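Colleague: Pasting a structure here, questions to come.
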Amino acid sequence: MQKTPFFILAISVTLWTAPGYADPEQERIPRTPAALSPCPNSPNCVSTEDGDPQRTLPPLPYVGTRQESLDRLVRVLRGMKRCTIVSSTAFYIHAECRSAVFGFVDDVEFLLDDDERQIHFRSAARSGYYDFGVNRRRMKEISKEYLALEDSASRKE
């Protein structure tokens, strides 16, 4: 008889907390934002949509169709060390890049714009203030690799 109150308490706590858990199906649905998040007031972010010349880079042009451009970008990201694509849709990619020594995470986002036929991007440190130019160098390297794939593809034709 003494086990009954404990059993009722355990069931009550389980049922009480169950609605707080996210639906696994809902978590798997990637979301496409209408715009990239703005850069914070710290120097550890670079974006194609930022007005500050210290934190902006030019967007990438489409190469062929949106899908061809997306495939090219995915190929570049998969070829990078310590970079993982977290979510991807037909218009948006979110990747995480980790630093080699301490494993700090930077969020890298790409938003494909069919109207402008451009790929806007943002790369920002998830924590901390300074990144010693890591995000800017990363996005320049991604841009260089993306455009180099374009050049090699056009030479084959």
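Colleague: Find out how many positive minus negative residues lie around ARG136, taking Lys and Arg as positive, Asp and Glu as negative, among other residues whose Cβ is under 14 Å from that of ARG136.
Modeller: On the way: positive: ARG55, ARG122, ARG137, ARG138, LYS140, LYS144; negative: ASP50, ASP52, ASP106, ASP131, GLU141.
It works out to a net charge of +1.
Colleague: Grab the Cα-Cα distance for ALA90 and TYR129, subtract it from 0.36 nm times how many residues apart they are, and report the gain in nm with one decimal.
Modeller: 10.8 nm
Colleague: Compare the peptides 105-115, 58-68 by average per-residue count of other Cβ atoms within 10 angstrom and give them in order, highest first. Don't skip to the end; give the middle numbers.
Modeller: Working: 105-115: 18.0, 58-68: 15.4.
Listed from highest to lowest mean packing, they are 105-115, 58-68.
Colleague: Testing the spin-label approximation: label points 7 Å from Cα along Cα→Cβ at ARG82 and GLU141. State their distance in nm.
Modeller: A separation of 0.9 nm, rounded to one decimal place.
Colleague: Right, another one. Starting from the Cα of ASP114, step 7 Å along the direction of its Cβ; do the same at ALA148; then give the gap between the two resulting points in nm.
Modeller: It works out to 3.2 nm between the two label points.
Every number here is computed from the coordinates shown, using simple stated rules; none is lab data. Note that this is a predicted model, so its numbers are computed, not measured. Cβ: placed from backbone, ideal geometry, glycine included. Neighbour counts: every protein chain shown.
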